[in-house]
1. For residue 56, indicate whether it is touching a strand residue (DSSP E or B) at 6+ places or on another chain (Cβ under 8 Å), surrounded by 21 or more Cβ atoms within 10 Å (Cβ to Cβ) and at pLDDT 95 or above.
2. For residues that are in contact with a helix residue (DSSP H, G or I) (Cβ under 6 Å, 6 or more places away or on another chain) and in a helix (DSSP H, G or I), tally how many sit in the stretch 312-324.
3. Scan the stretch 291-305 for residues that are within 20 Å of the chain's Cα centre (by Cα), surrounded by fewer than 20 Cβ atoms within 10 Å (Cβ to Cβ) and part of a helix (DSSP H, G or I) and jot them down.
4. Residue by residue through the stretch 16-35, note down the ones that are within 20 Å of residue 107 (Cβ to Cβ), in contact (Cβ under 8 Å) with a residue 60 or more places away in the chain and buried (at least 19 other Cβ atoms within 10 Å of the Cβ).
5. Name the pairs: first residue in the stretch 266-280 and closer than 14 Å to residue 206 by Cα, second residue in a loop (DSSP other than H, G, I, E, B) and modelled with pLDDT of 95 or more, Cβ to Cβ under 7 Å, at least 6 apart or on different chains?
6. From 250, 246, grab the single residue that is within 30 Å of residue 121 (Cβ to Cβ), in contact with a strand residue (DSSP E or B) (Cβ under 7 Å, 6 or more places away or on another chain) and in a loop (DSSP other than H, G, I, E, B).
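The values are calculated or read from the model by the stated rules, or taken from the named source; none is laboratory data. Predicted, not measured: the structure shown is a model, and the values here were computed from it. Heads up, the Cβs are rebuilt from the backbone with ideal geometry, glycines too, and the neighbour counts pull from every protein chain shown.
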């Protein structure tokens, strides 16, 4: 039975991934530091879905603490899925050092652990934000991503580069999966779909930054998890692997269309407050997923409306503990 380490296992994507791995007969060791970026109770609720599974082990652990990393993660893992990170574009502009610490330095601690143990393979959670505002769309993995426009983005690109350095020096294997605007049940409270849903049910106006023409390649969390598991299967069955891989939906949705769709699904009255564009925001995210389709047989299945309905159902059951 393969053993997988999942960092950030109590978060949005990490909890879905851990649960899916356990359902597919993997052993999972999960770690999370319950970063106060949002409500701990919500993360504990995510974790509660599977924490008592016989093949799951949990450690509350800060990856910035190198001695704790080496003490508690000394097992041999068939693959490390590194999802833990300081999240959010706008907060990274206000406090870039914390993103350098929790994203770059924490990742370096994991890479040094890999170098010195028999855990030699990692699927690393990167982001579509590494593409910055490249006008050529859809974005493919061969594009120059040396022009990020937020500290969050440059930490993700820095980790991709650091992973390549360790691949070259120490023969470690990596797939850097670049996520495109993931949504669904358990989504962070600060993200647009969660925030807009909450405001609609509270009868408040939805803030729309810009004229509504910005677009995002919204990708349902179950499709992302499928792509991660396919990445695990690929990297554990191949050697000398270093790949950057888009995991998106290949179908951008304009902000105004997203807002209207949420209003339709929630059946709430819509009021929009138009505001200026925010620093660090990109105009569009648009994934070319042909590489993932070819190498991993990755096939997103969930439409925006289907995903929104699942999210709203979850939101209504958990709204008391959802706090921004």
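1. Values: touching a strand residue (DSSP E or B) at 6+ places or on another chain (Cβ under 8 Å): yes; surrounded by 21 or more Cβ atoms within 10 Å (Cβ to Cβ): no; at pLDDT 95 or above: yes.
No: the conditions fail for residue 56.
2. Result for the stretch 312-324: 2.
3. 291, 293, listed by residue number.
4. Listed by number, the list holds a single entry, 17.
5. Close Cβ pairs (under 7 Å, with a partner that is in a loop (DSSP other than H, G, I, E, B) and modelled with pLDDT of 95 or more) amount to 271/205; 272/205; 273/205.
6. Numbers: 246 fails: in a loop (DSSP other than H, G, I, E, B).
Of 250, 246, the one residue that is within 30 Å of residue 121 (Cβ to Cβ), in contact with a strand residue (DSSP E or B) (Cβ under 7 Å, 6 or more places away or on another chain) and in a loop (DSSP other than H, G, I, E, B) is 250.
To keep it simple, each residue is scored yes or no on (1) out of contact with any helix residue (DSSP H, G or I) (no Cβ under 8 Å at 6 or more places or on another chain); (2) crowded, with 16+ Cβ neighbours inside 10 Å.
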residue: 70; (1), (2): no, no
residue: 87; (1), (2): no, yes
residue: 99; (1), (2): no, yes
residue: 103; (1), (2): no, yes
residue: 117; (1), (2): yes, no
residue: 148; (1), (2): no, yes
